[in-house]
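Any read-out appearing in this document is the output of simple, stated calculations on the displayed coordinates, not a laboratory observation. The structure displayed is predicted, hence computed values, not measured ones. Here the Cβ positions follow ideal geometry from the backbone for every residue, glycine too, while neighbour counts run over all protein chains shown.
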Amino acid sequence: MDVIAGPEVKRLSEVDGRWCVSIFMPAHRAGAETQQDRIRLKNLLREAERQLVEAGLRTPDAAAILEPGHALLAESDFWQHQSDGLAVFAHRGEFHRYRVPLRFQERVAVAKRFQLKPLFPLLSGDGHFFILALSQNEIRLLEATRHGVDEIEVEQLPSNLREVMGEDQPERQVQFHTRTGERGGERAAVFYGHGPGQEHTKEQLEKFFRRIDSALCDYLGEDRQPLVLAGVDYYFPIYRGVSRYAPLAPGGVAGNPERLRPDELHARAWPLVEPLFTQARQAALARWRQLAGTGRTSANLAEILPAVSQGRVETLFVATDRQQWGTFDDERQELRLCETASAENEDLLDRAAASAYLLGGAVYAMNSAELPDAAPAAAIYRF
């Protein structure tokens, strides 16, 4: 599982030149199908080389661009740890691959820039969320979409409570009790373990959770997608009380998460966040309809691209099932449309989505039939 966030999008979007290869393919998490995935990538690399040569690149140069992709075919460990989809980006001196919980349609494109639009369900927050599974013995972070889920390895996260408290204690389940305080009959929360002298106060759990939250905020950076807590239910208010991460999803998946597989956590977490995504998208579409005709909206790509480059786009709706090839010069604000892809042009819908996202706009990647006026792109302007 590979996390994609703002810095990666910025880096990929800044690669500007001919011979940018973008490959998207569905993948399988386990079983004999993983071998078929290798064959699928091999065939797609062959198709990418054909497109590069057809576009005018010499065969040895095309092979050099794709060599890291062919090397990936031999990495057995990589193919044993897949997700639902694989995205590969290759250019001279550049090679990036991402295993993500998205089921891509198979696609190869050679253009002036990398294609990023298929990744936007992970970037825009529309169906992208995290699950934090909390227990004393194990901390797990999972990244999910409406379609799938993957565990993420985060080195900064503490492994368990003992690591934070400096204790050498056997694993156990915890129970919640109270006890009489030493002063004035106050009652302090204490979390008892199954063993002599094993107890954890609320203050100790707060220290534990602060450490987790700090590592989480550092790792995810600006990627502030909804986070669902999973754990025994009395953890939830304690974690919320110390967390700096926003937004935390309402409620949580109650129970010992150590007993739940990733797909089981996903099945219980998705109903908690689905209303957030549905409401946000519907509210954005309603706002577009409300502002239509006021000069604050457009469904014309020739108007949207200059507005994006000027930082005027507040919200962008873009079609995932369509492409509009061409070029756009930011400095001259000149647009040229083309009917087909080539190494000289790019998908302008992709360009608009990446630029709007990097400039702080909300981006909704959706089927064109769902867009206002069934256009390939529609925007709400800030001003």
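Relative to the longest principal axis of the Cα atoms of the chain, helix 202-220 runs at roughly 10 degrees.
The DSSP beta bridges internal to the chain are antiparallel in roughly 80% of cases. Think of it as helices only: each DSSP H run of n ≥ 4 in the chain is worth -39500 (n - 2.57), and spread over all residues that comes to -11000 deg cm²/dmol at 222 nm. First measure r as the distance between the Cβ atoms of Arg107 and Leu358, then evaluate 1/(1 + (r/R0)^6) with R0 = 30 Å and state the FRET efficiency to the nearest 0.05. With a Förster radius of 30 Å, E is 0.85.
The modelled label-to-label distance between Asp263 and Ala64, using points 7 Å beyond Cα along the C-beta direction, is 4.5 nm. Computed over segment 1-150, relative contact order equals 33 percent, with contacts defined as Cα pairs under 8 Å that lie 6+ residues apart. Between Arg146 and Arg224, the distance separating the two model label sites (each 7 Å from Cα on the Cα→Cβ line) works out to 2.4 nm. As a calculated quantity, the FRET efficiency between Asn300 and Asp233 at R0 = 41 Å, using C-beta atoms, amounts to about 0.20.
The distance from the alpha carbon centre of segment 61-138 to that of segment 1-55 is 7 Å, rounded to a whole number.
Rounded to the nearest 0.05, what FRET efficiency is calculated for His28 and Ser159 with R0 set to 30 Å and r the Cβ-Cβ distance?
Working from the Cβ atoms, E equals 0.55.
When the label point is put 7 Å from the Cα of Arg38 along its Cα-to-beta-carbon vector, which residues of segment 62-92 have a backbone N closer than 14 Å? Only 70-82 fall inside the zone, counting backbone N under 14 Å. Potential lengthening of the chain between Glu14 and Glu138 amounts to 40.8 nm, from the contour at 0.36 nm per residue minus the alpha-carbon distance. Neighbour counts of other Cβ atoms within 10 Å put Thr315, Thr201 in the fewest-to-most order Thr201, Thr315. Put the Cα centre of segment 221-245 next to the Cα centre of segment 324-352 and the gap is 42 Å. Only alpha carbons enter this Debye calculation for the chain, each as an equal point scatterer, and the log10 of I(q)/I(0) it gives at q = 0.09, 0.10, 0.15 Å⁻¹ is -0.62, -0.74, -1.30. Contact order for segment 292-381, expressed relative to its length and based on alpha carbon pairs under 8 Å spaced 6+ residues apart, stands at 46 percent.
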